Each structure stands twice: as structure tokens, then as C-alpha cells.
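Below is one structure, written out as C-alpha cells; the observations come after it.
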Amino acid sequence: MTSVSIVEQAVADPGAGPYAITTGPDGALWFTLVHSGEIGRLVPGGEPTSHRLDPECWPTIIAAGPDGALWFSEYQAHRIGRITTDSTIAEFPLPSPDRGPFGIAAGPDGALWFTETTADRIGRITTDGRVTEFPLPVTGALPSMITAGTDGAMWFTLNQANAIGRIGMDGEIAVHPLPTEGAAPVGIATGRDGALWFVEMDAGQIGRIDTDGMITEFPLPDRSARPHAITPGDDGRLWFTEWGRNRVGSITPDGTIQVHALPTRNSEPHGITLGPDGSLWTALEIGALARVTVGAESVRTGL
């Protein structure tokens, strides 16, 4: 088994709720604090800082934009937010206050694409704040996370429709049902093999769909692990969080899975990203980030 070192760093009060995390263009980690309504920033090896939003806005997913800024969804406030690396914040309301924006990612067209969980729509926002919405062909689908594929389209999970969706830059949408019933897909990311990799939270599986729509599923060793988010590493593997079992795991393109326990019990790992230092970083809802370094000899905690 690959050895890893896992070090936790406190970045907020335990109730603040670190949720999603990404690497910014400034060599820092940026993360959402969903319960306290803040955006956090951490340069590996440094001290965290945070930027206050509306405490009730519920910032959820955050992603690097095409304009050198970070973009994030405000689930409860039904807005899309933007923060520059010098901490200037702008917020853009959606057409109506019932959209529930969640996943967000930069597209190949220079815009940001996002999911509207409660409106069965995919949204697009330009860097100057103009919003377009595209209705899904299914209802009650709960579109969740979204990512750019290698085929010039955006791919997203449909948590309650038990499917993976694709939307082209022209707005055309295709839906690919999953083989396993009630899988509840959430996180999705593009692998270095050119396929889309996703987690099935209720089925305890990792899924892979190629750009032609062929789906393969890989059961986790613990089917009750409730995987949440997934990201590519720099070694060809995909790394994911097991929210229900307090672990991070990896999967190779051929389906070999390894899992690693986090140091602190019940830390609730959610988002995960490849950091600017080459390590994997995951957001822990207990108020910390965990740094996962591959090939090290020990596991320890910084809390």
C-alpha cells in the first residue's frame, strides 16, 4: 500500500465548516466556510486568513476562474460570488431567489458554469456577471457538482436523477443514467486519462464515464463510506473523500483502490484538491484542512 503522511491544520472555529477547496492562481489554497459565511485562504506553511460574506449565504463550492479570480456559489443567498487574489469581493444575484447554486467550474468558453440544485437548471455566468440558464430535461434531478471535460463540454452529476449529465457550449444537454440504482452521485472531476470520474455517495462506489458515455463503476472496500468529492492527483490517480468513514482514498485508472484514515475522528472530510505544493488537501468540517502527502512514512496530526 502507498504510504502517506496526513497533517491537519486548524483554519477556523470548529463551527465554521470548511467545505470546498481549490488552488488559486496565487499559489494559495482557497476554501469555503459554509456555516460562518466566509472565504478562507491559506498558503501552505503559512497562517490562514478569511474574508467575511453574509453569514447566512452558505458559500459552498469554489473554483479558479479564467480571469485570475476565485468564483464561488452562495447556496442560501442564490448568488454567484467572485473574490480576487487581493480580496475584492463581488456578488451576482441569480434571476430568481430559488435557484440553490452549488457546483461551479470554469468552462472552455471563458465563462463559469454552475448547477442550480433546486431549479433543475445549469447556469452560465460571464466574468462581467451576465447569467444564462439552461433547463434540464428531467425534474427533481438535484444537479450537484460540475467540471469541464476534455471534449469541450461541461459534465455534472444529477444526484437525485441517478445520472451524469453533459452540456455543450451551445446548451445542448445529454443525460447518462447510472447502472446502479440509487447511487446519488455528487463529486465529479476530469482525470488525466481524459475520462470523467465521479463518486456515488449512496452506493459506495467510484464511477468513470468516458466522453462517449460508457460508464464503469468500482465498488469501495467499505460500501457505507459515503464518498463526497474527487480530484485528480499528479500521479494519474484520482483522490476522493469518504465523508461517512473519515478517510481519504485513491483510485488508479484500472480501478485499484486504497484508503487512508484521517487523524481526527469524525472530522467530516468534504472537498479535496491538488495543492500548489504537490500534496492533496481536503477540507474538514471540524475547522481544519488536511494535507495528504504521498510516499511519506508516517501519519500525524497538526491539531
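The values are calculated or read from the model by the stated rules, or taken from the named source; none is laboratory data. Note that the structure is predicted; figures quoted are calculated from it, not measured. Note: ideal-geometry Cβ built from the backbone for every residue, glycine included; neighbour counts use all protein chains shown. In case anyone asks, the SASA skips ligands and DNA or RNA and just uses the protein heavy atoms, side chains included. Shrake-Rupley method; radii C 1.70, N 1.55, O 1.52, S 1.80 Å.
Leaving out ligands, DNA and RNA, and with a 1.4 Å probe, what % of the accessible surface on the chain is carbon or sulfur? Don't jump to the answer; show the numbers that get you there.
Details: 5450 of 11330 Å².
Here it works out to 48 percent.
So what is the diffusion coefficient of the range 84-217 in µm² per second by Stokes-Einstein at 4 °C and 1.567 mPa s, using a Kirkwood Rh over Cα pairs?
Numbers: Rh = 14.9 Å.
Translational diffusion coefficient: 87 µm²/s.
Would you mind calculating the relative contact order of the range 96-139 from Cα pairs under 8 angstrom and at least 6 residues apart, reporting the percent as a whole number?
On the way: 74 pairs, mean separation 12.3, N = 44.
Answer for the range 96-139 is 28 percent.
Cα convex hull of the range 3-56: how many Å³ per residue?
Looking at the range 3-56, the number lands at 98 Å³ per residue.
For an R0 of 35 angstrom, estimate the FRET efficiency from the Cβ-Cβ distance between Arg130 and Glu47 and round to the nearest 0.05.
Rounded to the nearest 0.05, the efficiency is 0.40.
Explain nothing, just the number: relative contact order of the chain, from Cα pairs under 8 Å at least 6 residues apart, as a whole percent. Numbers along the way, then the final one.
Details: 917 pairs, mean separation 55.6, N = 303.
So the answer I get is 18 percent.
Could you report the range 8-135's accessible area per residue, 1.4 Å probe, as an integer in Å²?
On the way: 4730 Å² over 128 residues.
Value for the range 8-135: 37 Å² per residue.
Can you tell me the FRET efficiency between Thr150 and Ser5 if r is taken as the Cβ-Cβ distance and R0 is 30 Å, rounded to the nearest 0.05?
Numbers: r = 32 Å, r/R0 = 1.06.
The calculated FRET efficiency here is 0.40.
First measure r as the distance between the Cβ atoms of Thr118 and Thr84, then evaluate 1/(1 + (r/R0)^6) with R0 = 30 Å and state the FRET efficiency to the nearest 0.05.
On the way: r = 29 Å, r/R0 = 0.96.
The pair Thr118/Thr84 has a calculated efficiency of 0.55.
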